[in-house]
1. Could you tell me which of the residues VAL148, VAL202, VAL184 is buried (at least 19 other Cβ atoms within 10 Å of the Cβ) and more than 12 Å from ILE370 (Cβ to Cβ)?
2. So which residues in segment 46-98 are in contact with a strand residue (DSSP E or B) (Cβ under 8 Å, 6 or more places away or on another chain) and β-branched (Val, Ile, Thr)?
3. Pairs please, first residue from segment 164-190 and assigned by TED's automatic domain parsing to the domain that holds VAL395, second anywhere and surrounded by fewer than 15 Cβ atoms within 10 Å (Cβ to Cβ), Cβ atoms under 7 Å, 6+ apart in sequence or on different chains.
4. Conditions: (1) in the same structural domain as ARG90 (by TED's automatic domain parsing); (2) in a strand (DSSP E or B). GLU194 meets all but one. Number of the miss?
5. Of all residues in segment 249-276, which are surrounded by 14 or more Cβ atoms within 10 Å (Cβ to Cβ) and among the aliphatic types (A, V, I, L, M)?
6. Within segment 90-100, take every residue that is in contact with a Ser or Thr (Cβ under 7 Å, 6 or more places away or on another chain) and assigned to a helix (DSSP H, G or I) and give me the one that is surrounded by the fewest Cβ atoms within 10 Å (Cβ to Cβ).
7. Pick out the one residue from SER126, SER137, SER80, SER132 that is without any contact (Cβ under 8 Å) to a residue 24 or more places away in the chain and under 21 Å from the mean Cα position of the chain (by Cα).
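The values are calculated or read from the model by the stated rules, or taken from the named source; none is laboratory data. It should be emphasised that the depicted structure is a prediction, and the values quoted were computed from it without experimental measurement. Backbone-built Cβ (ideal geometry, glycine too); neighbour counts: all protein chains shown.
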Amino acid sequence: MEYPLDDILYVEMAFGRFYDIGAADSGGVTRLGYTKEEDEMHAVFAELGREMGMEIHSDPVGNTFVSNGGGRGDHYLIGSHLDSVVDGGRYDGVAGILAGLLTMRWARRDGMNLPVRTVAFRCEESSNFGVSTLGSSLVTKGGVGADVAAREGRDGRTLGEIFAERGYSLKPDRISGVREYLEVHIEQGRVLEEYRQRIGIVTTIAGPRRFNLYIQGRAEHSGATPMVMRSDALCAAAELILEIEKIGMAESVRHSVATVGVIENRPNALNVIPGEVKLQVDTRGIETASLDEMERRIKQAGKSICGRRGAGFIKEKTGETRPVAMDHKMQDKLARVAHSLNISHRRITSGAGHDAMQLAEICDAAMLFIPCRDGVSHNKKEFAHMESICDGARVIYKYLQEECA
């Protein structure tokens, strides 16, 4: 489907307004949740809404809503996020916000008073506080525990301190009046590109389980301690990292993955045998049984490897979210809409977490993926075509037209 030049230019203009916020010398962007860079992104979003004559409001946790005023009761909610990882890309989250704005622009142009809003949720990424989908979690669950409020951001301030400074609430009222939630997002993988499909209709969002693994060895002089007398925590960690990779590979048949993303080595000195290592592990899957199996095997491997090397081992679970299925009826309707528009599509699972996981707790929810070049995401090379954003918006717009007919 070819889109009018005016639509492409609008998406490019809106994308350009976000482009330089949080720009790093490396070429990527850093827009961490609840920082001034994320504030600037929300300010641009609100201004784009005002320029279309929309109503703007924020909730008690800082999420920003753009509304067309189409009815004051129940409404359809289109959403995503505007924060990024450290030195990340410019399309993750932003593509979904642009799709929402474009949908509302078409409705205004066509004189359709659809009951629809677009929301930019705060702090979807875990990069600042180690907890993902914070903004959407707060308003769907009605708050977070004290442990989350005590988590420190990269600047050393806790989430609780930041909320107190800003006048936000850690125990807000739950969001209400949402008929259905729809989210467009870049795939962050290569499936659509490999199969040359323009839209992915998400069936299930994988649930993450995250762990801290602590290995206690013995820090000694690297020159004076014989090799056979060492308890090198980093060597034990290296062996465990490779074992975790094998565990992930074994469970990949069930669409699960396992990643060691962070290594903290102490004392991290050239002439000292590593005495302590902390690993941060991210496991994800769409089957609870597979997640259970990976957790069991990681614990077993840690104890076995460290026991053999004379080191101590502790496993600490830092977070767990169950896999979430998207609404089956919405999937079927979106597939019919895409077919009617001659937009190629396929059903697809999501290995990454999204705000849709939280909204599915309170209403029917669906997600659409659009291709991203080479599957690259969380990286300065992240790229999606403006026409792909239009594809996502077009499917949602026709879906809403049919639902509200």
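1. Numbers: VAL202 fails: more than 12 Å from ILE370 (Cβ to Cβ); VAL184 fails: more than 12 Å from ILE370 (Cβ to Cβ).
VAL148 is the lone residue from the list that is buried (at least 19 other Cβ atoms within 10 Å of the Cβ) and more than 12 Å from ILE370 (Cβ to Cβ).
2. Listed by number, the residues that qualify are ILE56, THR64, VAL66, ILE78, VAL94, ILE97.
3. That search, which allows pairs on different chains as well, returns LYS171/GLY142; PRO172/GLY142; ASP173/GLY142; ARG174/GLY142; GLY177/GLY73; GLY177/ASP74; ARG179/ASP74; ARG190/ASP374.
4. Going through the list (1) in the same structural domain as ARG90 (by TED's automatic domain parsing); (2) in a strand (DSSP E or B), GLU194 breaks only (2).
5. Filtering segment 249-276 for residues surrounded by 14 or more Cβ atoms within 10 Å (Cβ to Cβ) gives 250-251, 254-260, 263, 265-266, 272-276.
Listed by number, the residues that qualify are ALA250, VAL257, ALA258, VAL260, ILE263, VAL272, ILE273.
6. Let us first name the residues in segment 90-100 that are in contact with a Ser or Thr (Cβ under 7 Å, 6 or more places away or on another chain), namely 92-93, 96-97, 100.
If we keep only those that are assigned to a helix (DSSP H, G or I) too, we end up with 96-97, 100.
Values: GLY96: 34, ILE97: 31, GLY100: 28.
So, considering only residues that are in contact with a Ser or Thr (Cβ under 7 Å, 6 or more places away or on another chain) and assigned to a helix (DSSP H, G or I), the one surrounded by the fewest Cβ atoms within 10 Å (Cβ to Cβ) is GLY100.
7. On the way: SER137 fails: without any contact (Cβ under 8 Å) to a residue 24 or more places away in the chain; SER80 fails: without any contact (Cβ under 8 Å) to a residue 24 or more places away in the chain; SER132 fails: without any contact (Cβ under 8 Å) to a residue 24 or more places away in the chain.
Sole residue among the options that is without any contact (Cβ under 8 Å) to a residue 24 or more places away in the chain and under 21 Å from the mean Cα position of the chain (by Cα): SER126.
Here is a yes/no grid of residues against (1) in contact with a Gly (Cβ under 9 Å, 6 or more places away or on another chain); (2) surrounded by fewer than 17 Cβ atoms within 10 Å (Cβ to Cβ); (3) modelled with pLDDT of 95 or more; (4) not in a strand (DSSP E or B):
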site: ALA335; (1), (2), (3), (4): no, yes, yes, yes
site: ALA338; (1), (2), (3), (4): no, no, yes, yes
site: ILE343; (1), (2), (3), (4): no, no, yes, yes
site: GLY353; (1), (2), (3), (4): yes, no, no, yes
site: ASP374; (1), (2), (3), (4): no, yes, yes, yes
site: SER388; (1), (2), (3), (4): no, no, yes, yes
site: VAL395; (1), (2), (3), (4): no, no, yes, yes
site: GLN401; (1), (2), (3), (4): no, yes, yes, yes
